[in-house]
Amino acid sequence: MKQVVPIRCEGVAVVLLKKSLDQYRVLMLKRAGRMLHNEWCYVGGGIEEGEKAWEAALREIYEETGITEVRLYSANQFEQYYSPIEDYIYTAPVFVGYVDESQVVRLNHEHIEYQWMTFDEAKDNAALPGIDNILDFVEKHFARKAPSKWLRINEENN
């Protein structure tokens with residue numbers, strides 16, 4: 001019998017977009033915790049018991065940024081990486097949230113700094129390989145053109 005590397009999906013990733021001078025910018029957060037300390041990432045976190053992934057995305061947005069007004073979409077992409085310590089593949093659905101220009105960011109203890117970056121800046125600063133691929137995808141399908149209505153997450157429909 002072959003050994004299996006388990007795949008665990010227990011978290012979400014969220015790319016928040018805000019239009020500034022006719023150009024979308026990406027919210028990048030500098031991590032305070034032990035994992036990826038001082039590295040730039042987008043919003044992300046675990047899915048709690050009884051929560052749908054999109055509900056976790058909205059909760060994490062609020063916890064990490066204080067942002068409450070967001071138009072949420074499924075990006076139809078997955079962030080993934082291999083954990084050599086625990087020998088499993090971590091995967092997380094990626095969501096895209098459009099944020100109104102007037103929304104203020106209030107960080108919690110998980111991050112020490114934030115910046116609304118251009119896609120190029122975000123890709124240059126991204127903590128891990130693979131994040132740049134997700135940002136390329138989001139830029140192509142969510143910033144350069146309007147996303148498919150089929151990816152929109154309406155709380156009243158779910």
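The values are calculated or read from the model by the stated rules, or taken from the named source; none is laboratory data. This is a predicted model, so every value here is computed, not measured. Cβ sites come from the backbone with ideal geometry, for glycine too, and all protein chains shown count toward neighbours. When the accessible area is computed, the model is the full protein with side chains, heavy atoms only, and any ligands, DNA or RNA have been set aside. Shrake-Rupley method; radii C 1.70, N 1.55, O 1.52, S 1.80 Å.
Highest GNM mean-square fluctuation among SER83, SER74, SER20, for the chain modelled with Cα contacts below 10 Å: SER83. Amide H contacts under 5 Å for TYR88: SER83, restricted to partners 5 or more places along the chain or on a different chain, H placed in the peptide plane at 1.01 Å from N. For segment 6-66, the list of trypsin sites (Lys or Arg not before Pro) that fall in a loop by DSSP and count at most 10 other C-beta atoms within 10 angstrom reads ARG34. Protein-only accessible surface at a 1.4 angstrom probe places the residues LYS2, LYS149 in the order LYS2, LYS149, largest first.
Quantify, in whole percent, the carbon and sulfur part of the accessible surface of segment 19-158 (1.4 Å probe; protein heavy atoms only).
Taking all protein chains in place, segment 19-158 shows 46 percent carbon and sulfur surface.
If R0 is 25 Å, the Cβ-Cβ spacing of ASN76 and GLU113 corresponds to a FRET efficiency of close to 0.25. Listed values for segment 31-46 are Karplus-derived 3J(HN,Hα) couplings in whole Hz (6.51 cos²θ - 1.76 cosθ + 1.60, θ = phi - 60°), namely 6, 9, x, 5, 6, 6, 3, 6, 9, 8, 9, 9, 5, x, x, x, and x replaces Gly and Pro. Computed over segment 1-53, the P(r) curve from all C-alpha pair distances, binned at 5 Å from the origin, holds 4, 15, 15, 17, 17, 14, 9, 5, 2, 1, 1, 0 percent per bin. Built from the Cα atoms of segment 1-157, the convex hull projects on average onto 10.7 nm², one quarter of its surface area. Per the Debye calculation on segment 89-131 with a single equal scatterer at every Cα and no solvent contribution, log₁₀ I(q)/I(0) for q = 0.15, 0.22 Å⁻¹ amounts to -0.57, -1.19.
Counting only DSSP beta bridges with both residues in the chain, tell me the antiparallel percent, nearest 5. Close to 75 percent. Between the helical axis of 53-65 and the longest alpha-carbon principal axis of the chain there is an angle of about 60 degrees.
Phi angles of segment 128-140 translate, via the Karplus equation with coefficients 6.51, -1.76, 1.60 and θ = phi - 60°, into HN-Hα couplings of 10, x, x, 5, 5, 5, 5, 5, 4, 4, 5, 4, 5 Hz per residue; Gly and Pro are given as x. Of the listed residues ILE61, ILE153, the order by accessible area with a 1.4 Å probe, largest first, is ILE153, ILE61. The fraction of all Cα pairs in segment 96-158 landing in successive 10 Å bins from 0 to the largest distance is 16, 39, 38, 7, given as whole percents. The listed residues ASP87, ASP22 rank as ASP22, ASP87 when sorted by accessible area, largest first, using a 1.4 Å probe.
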